[in-house]
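What follows is a single structure, written as structure tokens, with notes after it.
The values are calculated or read from the model by the stated rules, or taken from the named source; none is laboratory data. Keep in mind that what you see is a predicted model, and the values were worked out from it rather than measured. In this analysis, Cβ positions are derived from the backbone assuming ideal geometry, glycine residues included, and neighbour counts consider all displayed protein chains. For the accessible areas, the whole protein counts, side chains as well, though only heavy atoms, and no ligand, DNA or RNA atoms are used. Shrake-Rupley method; radii C 1.70, N 1.55, O 1.52, S 1.80 Å.
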Amino acid sequence: MISFFLCLAALIVGYLIYGKVVEKVFHPDDRKTPVVEHPDGVDYVEMKPWRAFLVQLLNIAGLGPIFGALSGAIWGPSVFLWIVFGSIFAGAVHDYLSGMLSIRNDGASISEIVGKYLGPAMKQVMRVFSVVLLVMVGTVFMVGPAGLIALLTPDVLNVTFWTVVILIYYFLATLLPIDKIIGKLYPVFGIALIVMALGIGGATIFNNGTRPMMEITLANLHPEGKPIWPLMFITVACGAISGFHATQSPMIARTLSSEKQGRRVFYGAMIAEGIIALIWAAAGCAFYQTEGGLMTGLLAMGGGNSTTVYEMSIGLLGPVGGVLAMIGVIACPITSGDTAFRSARLTIADWFKIDQSNKVKRLALTFPLLVVGYLISLIDYQVVWRYFSWSNQTLAMMALWAGATYLTLYTKKPLSGLMAAIPATFMSAVSITYIIYADEGLRLGTGIAYPVGIAVAVLFALIYLFRALIPALKGKHLEDVPLKLSR
């Protein structure tokens, strides 16, 4: 239990201290934000900071910090360290820079931002990556909650039925102005999410005598001996750092009336998600540990999935509390799925310069996206999740390199770029190593995957060094001319 509370304290202190350091480096000012300059009543709609925070939290949270954290817990409590340090030094930095750079570029999507700072070739890569990732996220967050609801309803209301119901909701949330459904419902769902997390965390602490929380160990407790590196760092995904968040932050960037709201909304929401992930990881380790500490029970349940969450909720909180917890877990992914499809619509609109104030044009983008999402939902859920996790972390890598380039070349503090370049290098090694090693990748051994992954990460770091850091140290700073989107 000591490890859990130390990690919880570290996340809070990280927000209070390192969050202010990141904010000071970026230096938000009093310039007009996109929603102040040109509100459109659809996507550029001003929100109060507390509401924007809750919407951002629900946008990014989804099943990631729950399913991902539980799947990561199969390796044991070493996952706590990745959640804490990943959230503070990588994930929250990534989310903050993605959101703030969007504010300074007319609310642009992450693909346009990466293209601006890393070049047109990377823009095309990011456009494709973003849309594919967002559709996979929407699909994962369609099937996942449908499975959870089906567990709580009569057999006639099966997973297929609830998938269609959620799909209809996604259609409305993607098409209608952001303040009509998302802005009104999310604060309520936010309360459910917070109550759920507090309930699971409190019950785990209360039951510490019978199901003690595991203390941190660096030992690999995976029952099948699968390596921590890089598998755990991909599996946890949203609980530590997630490229999906870079697709969501621009949506909220279009609603903030001041740059100075950014730390609370972007950095703060990621830390809150890290706390949620920590709670579920700690609860999973305690609930499923067996003799010797091996997580065979959690592995047998399939790691992070609907059945695992259901069993833990009922086991820790009883029937009534379990249903309350399940409501939080159901609301959480649905509120990420709808905004995933909405972000996909905005990304394509920015790509092809399609005016989204026109209802017919919004409909022309919304309907095909949801059809594709439904077709993908027919594929095995675990396969979609694995590809989602890898593409998720790869997109995070690209967004961090864009943030590092901005801080280095477009400010007069070039060394501040290391704040993003260091986690970008780390995530480069994770992503490349994983796709070479994993079953859904090249399926090569660690003897090849490890050195190649490290070599590629070093190569990316050298490119950053010679194309950004060294020129900046020589005084070659660039003027940051904001992007202007078509309306």
- Note on the structure: Rounded to two decimals, the Rg over Rh value of the range 84-149 from Cα coordinates and the Kirkwood Rh reads 1.09
- Message: When a/c reaches 1.5 or more, the comparison of a/b and b/c decides; with that in mind, is the range 436-487 rounded, prolate or oblate per its Cα gyration tensor?
- Response: oblate
- Solvent-accessible heavy-atom area per residue, rounded to whole Å², over the chain at 1.4 Å: 37 Å²
- Message: Quick one: 3J(HN,Hα) in Hz for the range 163-174, Karplus 6.51/-1.76/1.60 with θ = phi - 60°, rounded, Gly and Pro as x.
- Response: 4, 5, 4, 5, 4, 5, 4, 4, 4, 5, 5, 6
- Would you work out the relative contact order for the chain, in percent, from Cα pairs under 8 angstrom that are 6 or more residues apart? 29 percent
- Among (1) 60, 49, 41; (2) 65, 59, 49; (3) 70, 63, 45, the value of Cα extents along the principal axes in Å computed for this structure carries the label (1)
- Which of the lysines could be linked to Lys361 by a straight reach, that is with a Cα gap under 27 Å, when you skip same-chain ones fewer than 8 residues away? Lys116, Lys123, Lys180, Lys184, Lys353, Lys484
- Take each of the peptides 343-352, 19-28, 196-205, 211-220, average the number of other beta-carbon atoms within 10 Å over its residues, and list them starting from the highest. 343-352, 196-205, 19-28, 211-220
- Task: Starting from the amide H of Ile216, placed 1.01 Å from N in the peptide plane, find each other amide H under 5 Å away whose residue is 5 or more places distant or on another chain.
- Result: Ser3
- Message: Quick check on the range 1-127: take the gyration tensor over C-alpha atoms, sort the square-rooted eigenvalues as a ≥ b ≥ c, and tell me if it's rounded (a/c under 1.5), prolate or oblate.
- Response: prolate
- From phi via Karplus (6.51, -1.76, 1.60), per-residue ³J(HN,Hα) for the range 350-360 in Hz, x at Gly/Pro: 5, 4, 9, 6, 9, 5, 9, 7, 8, 4, 5
- Whole-Hz Karplus couplings 3J(HN,Hα) for the range 397-407, θ = phi - 60° and coefficients 6.51, -1.76, 1.60, Gly and Pro as x, run 4, 5, 5, 5, 5, 5, x, 5, 5, 4, 4
- Quote the relative contact order of the range 385-487 in percent (integer), defining contacts as alpha-carbon pairs under 8 Å separated by 6+ residues. 29 percent
- Carbon/sulfur fraction of accessible area - the chain, other protein chains in place, 1.4 Å, %: 70 percent
- Task: Compare the peptides 161-169, 93-101, 252-260, 51-59 by average per-residue count of other Cβ atoms within 10 angstrom and give them in order, highest first.
- Result: 93-101, 51-59, 252-260, 161-169
- Query: Pulled fully out, how much extra length does the chain show between Lys48 and Asn207, if you take 0.36 nm times their separation in residues and subtract their Cα-Cα distance?
  - Reply: 53.4 nm
- Query: Of the peptides 106-112, 145-151, how do they stack up when ordered by the mean number of other Cβ atoms within 10 Å, highest first?
  - Reply: 106-112, 145-151
- Query: Taking Lys226 as the anchor, which aspartates and glutamates have their alpha carbon closer than 20 Å to its alpha carbon, excluding any fewer than eight residues away along the same chain?
  - Reply: Glu291, Asp439, Glu440
- Note on the structure: With the 8 Å Cα cutoff and a minimum separation of six or more residues, the range 18-124 has a relative contact order in percent of 23 percent
- Task: With a ≥ b ≥ c taken as the square roots of the eigenvalues of the C-alpha gyration tensor of the range 106-238, please select rounded if a/c is under 1.5 and otherwise prolate if a/b is larger than b/c or oblate if it is not?
- Result: oblate
- Item | Whichever lysines have a C-alpha closer than 18 Å to that of Lys413, once near sequence neighbours (fewer than 8 apart) are set aside | Lys20, Lys24, Lys474, Lys476
